[in-house]
Amino acid sequence: MKISSNRLIILTAVFIVIADNYKFFSDLTDVFPVTIRNIGFLVSTGVIFASFLVVLFSIFNTRLTLKPILILSVLTAAISSYFINAYHIIIDDTMIRNVVETNMSESFDLASFRLVLYVVFLGILPSLFIYKAKVDFPGFKRAMLSRFLTLTAAVFLILIVMLPFSKFYTSFFREHKPLRYNTNPTYFFYSVGKYLSETLSNSNRSLQKIGLDAQRDESAVGRRLAIVVIGEAVRADRFSLNGYGRMTNPLLGKEDIVNFPEMYSCGTTTAVSVPCMFSLSGREGYSDKVAKSTENVLDVLSRAGVEVLWRDNNSSSKGVADRVHYEDFRTQEVNPDCNGECRDEGMLAGLQNFIEQQRSGDILIVLHQMGNHGPAYYKRYPARFQIFAPVCATNQLEECHPEEISNAYDNAVLYTDYFLAQVVDLLKENDGTFDTAMLYMSDHGESLGEGGLYLHGMPYSIAPEAQKHVASLLWLGQSTKAKINVDALQRVANNRFSHDNLPHTLLGLMKVKTSVYVADKDILAL
């Protein structure tokens, strides 16, 4: 039995709206509850959504393109539906970039049996139906007329259905824009288009050099050795240094630490936060285009003669370390502490050797942690750090009790405390030779189920505090303390700071003079 192409389009559109948009309609009914007054509007959104998909699919209503487009849409909607429902994430262009730049092992952390069920029942089975359907494609003239009539009817239906509820739609579009972020798969396709557009526009840009006047301060005495540790997904309120009820910083609590309890991230994903925190543009002036086409603070420091080394146990430097010495510690060939998972502690292997090989000049080392990368928090620490129990030992966080999620997450924080203490011990060994310092900042925070949200990556404007308020601290060696007003630093430590302060603080710490340095953004100069 044959089916017309228009009917196949309508069936596919209705299926996607009903089967793959639970989160959209759930959020919609939270804002517009199911009441007699609202019921007409709620039904109209489903009709308009399906009609819009009909318009979209009708553009590709040809013998060669229709089935591939419908199958792609169904599979995409099925996969997106899983992540939207399970973790309540929003798949925008930033999330697309994060996915593209995530390595395979991290991607496997997101796989689950439930994902397979979504793909099979909401993706593969309807795709097989579409693939096997005997579609009646009329001749060219008839096809063009049919397409025109379908498009016209769909647009007309959208207008007719929308008009009686114009007041509702005014509120929907002006006051509740985030609701549209979960329309599936339309927002995904929009986000992919935006990501590709930005990526292609960036590919032809030449690199803009900055800080060409950078040079070491002639009055600076001695050599400097600083280690910047970039944390992963560690929120401020899970540090006992910030008043958290659990002792998650037992080792750092014994050190003379300058803690920054009010530190805020530049973004809510690694793909944004890491390049942004090293950019001299600041969050307000930052974009992927700027990051890809402009040098960062590591380039400026390197130009001034600082030896820069980046060691990575995360996905990558996101382009930050493209022009400095970079070492990938995600494999057992390089990282000596790998047993299924390569541990952050392995990045310290041979580091003393590297320091001793630098016979002159200052040294800046960046260590990019795996840290608290979710959702498999239970994998992020060795067994001896499982202090808080029971833990959520699955990547399907929605299946775990909130306490189990917190336990696994806090154990990973505990391991970060240990790792940072090891970094401090390394610096203490070199305190007689260098002015030493360690600066720790997490790239972004993490949602652990509050308000039904998990992981991170929400658009910054609507992201919860947990995804933006990050852990950060500073340790200074004895020789460094002698040259800094530590009392004044402690007095401003409770001020609100952000990733915007990092590049200027590094320039000040490493005694580099340049026109791009802003003293008011240097935490050590306040």
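Can you pull the one-decimal nm distance between simple spin-label points at K2 and L128, each 7 Å off the Cα toward Cβ?
According to this spin-label approximation, the distance is 2.6 nm.
Using unit Cβ charges (K, R positive; D, E negative) and no other charged atoms, how large, in debye to the nearest 20, is the dipole of the chain about its Cα centre?
Charge dipole of the chain: 2520 debye, to the nearest 20.
Restricted to Cα positions, what overall size does segment 206-315 have along the principal axes? Three whole-Å values, descending.
Projected onto its principal axes, the Cα set of segment 206-315 covers 49, 38, 26 Å.
Ranked highest first by the average count of other Cβ atoms within 10 Å around their residues, in what order do 492-501, 293-302, 129-138 fall?
293-302, 492-501, 129-138
Which net charge results when you count Lys and Arg as +1 and Asp and Glu as -1 among the other residues whose beta-carbon is under 12 Å from that of N501?
Residues near N501 contribute -1 overall.
Over segment 261-388, what relative contact order in percent results from Cα pairs under 8 Å that are six or more residues apart?
Over segment 261-388, the number comes to 22 percent.
In square nanometres, what is the average projected area of the Cα convex hull of segment 256-352?
Taking the Cα atoms of segment 256-352, their convex hull projects to 8.4 nm² on average.
Ignoring ligands, DNA and RNA, what percent of the 1.4 Å accessible area of the chain is carbon and sulfur?
Percent of accessible area from carbon and sulfur atoms in the chain: 59.
Once you have the Cα-Cα distance between E101 and N339, take 0.36 nm times their residue separation minus that, and quote the gain in nm to one decimal.
83.3 nm
How long are the semi-axes of the equivalent ellipsoid of segment 319-376, taking √(5λ) for every eigenvalue λ of the Cα gyration tensor, in whole Å from largest down?
Ellipsoid half-lengths, sorted descending, are 24, 15, 10 Å.
What spacing in nm lies between the two simple spin-label points modelled at R37 and A153, each 7 Å away from Cα in the Cβ direction?
Rounded to a tenth, the inter-label distance reads 3.6 nm.
Go ahead and estimate [θ] at 222 nm for the chain from helices alone: -39,500 (n - 2.57) per DSSP H run with n ≥ 4, summed, over the residue count, rounded to 500.
Theoretical 222 nm ellipticity from helices: -13500 deg cm²/dmol.
Suppose R0 equals 30 Å. What FRET efficiency, 1/(1 + (r/R0)^6) with r the Cβ-Cβ distance, do V221 and E284 give to the nearest 0.05?
With R0 = 30 Å, the Cβ-Cβ based efficiency is 0.25.
Suppose every K and R has +1 on its Cβ and every D and E has -1 on its Cβ; what is the size of the dipole of segment 237-378 about the Cα centre, in Debye to the nearest 20?
Using only the charged Cβ atoms, the result is roughly 280 debye.
What accessible area per residue comes out for the chain, rounded to a whole number of Å², with a 1.4 Å probe?
44 Å²
Using alpha carbons only, how many angstrom separate the centre of segment 327-343 from the centre of segment 15-34?
So the two Cα centres are separated by 44 Å.
Once you keep just the Cα pairs under 8 angstrom separated by 6 or more residues, what percentage relative contact order results for the chain?
21 percent
Binned at 10 Å from 0, what are the whole-percent values of the Cα-Cα distance distribution for segment 416-488, short to long?
The calculated distribution, bin by bin, is 17, 33, 24, 19, 7, 0.
Let me test this: with uniform point scatterers at the alpha carbons of segment 33-150, what is the Debye-based log₁₀ I(q)/I(0) at q = 0.15, 0.22 1/Å?
Values, matching the q order: -0.93, -1.26.
Among K318/K379; K468/K513; K318/K521; K177/K289; K23/K132; K194/K468, which pairs are too far apart, with a Cα-Cα distance over 27 Å?
Pairs exceeding 27 Å: K468/K513; K23/K132.
Please report the Cα spread of segment 442-526 along all three principal axes, rounded to whole Å, starting with the longest.
Between the extreme Cα coordinates on each principal axis of segment 442-526 lie 48, 28, 18 Å.
Give the dimensionless ratio obtained when the Cα radius of gyration of the chain is divided by 2.2 N^0.38 Å.
Expressed relative to 2.2 N^0.38 Å, the Cα Rg reads 1.11.
Report, in order of residue number, the helices in the chain meeting two criteria: a C-alpha extent of 18 Å or more along the helix axis, and a mean Kyte-Doolittle hydropathy of at least -0.5; treat each whole DSSP H run as one helix.
Helices meeting the criterion: 5-19, 36-58, 66-87, 140-162, 186-203, 402-429.
Going by Cα centres, segment 371-421 and segment 243-287 are how many Å apart?
Computed from Cα coordinates, the inter-centre distance equals 19 Å.
The values are calculated or read from the model by the stated rules, or taken from the named source; none is laboratory data. The structure displayed is predicted, hence computed values, not measured ones. Positions of Cβ are backbone-derived with ideal geometry, glycine not excepted, and every protein chain shown enters the neighbour counts. Side chains are part of the model used for accessible areas, which takes the heavy atoms of the whole protein and leaves out ligands, DNA and RNA. Shrake-Rupley method; radii C 1.70, N 1.55, O 1.52, S 1.80 Å.
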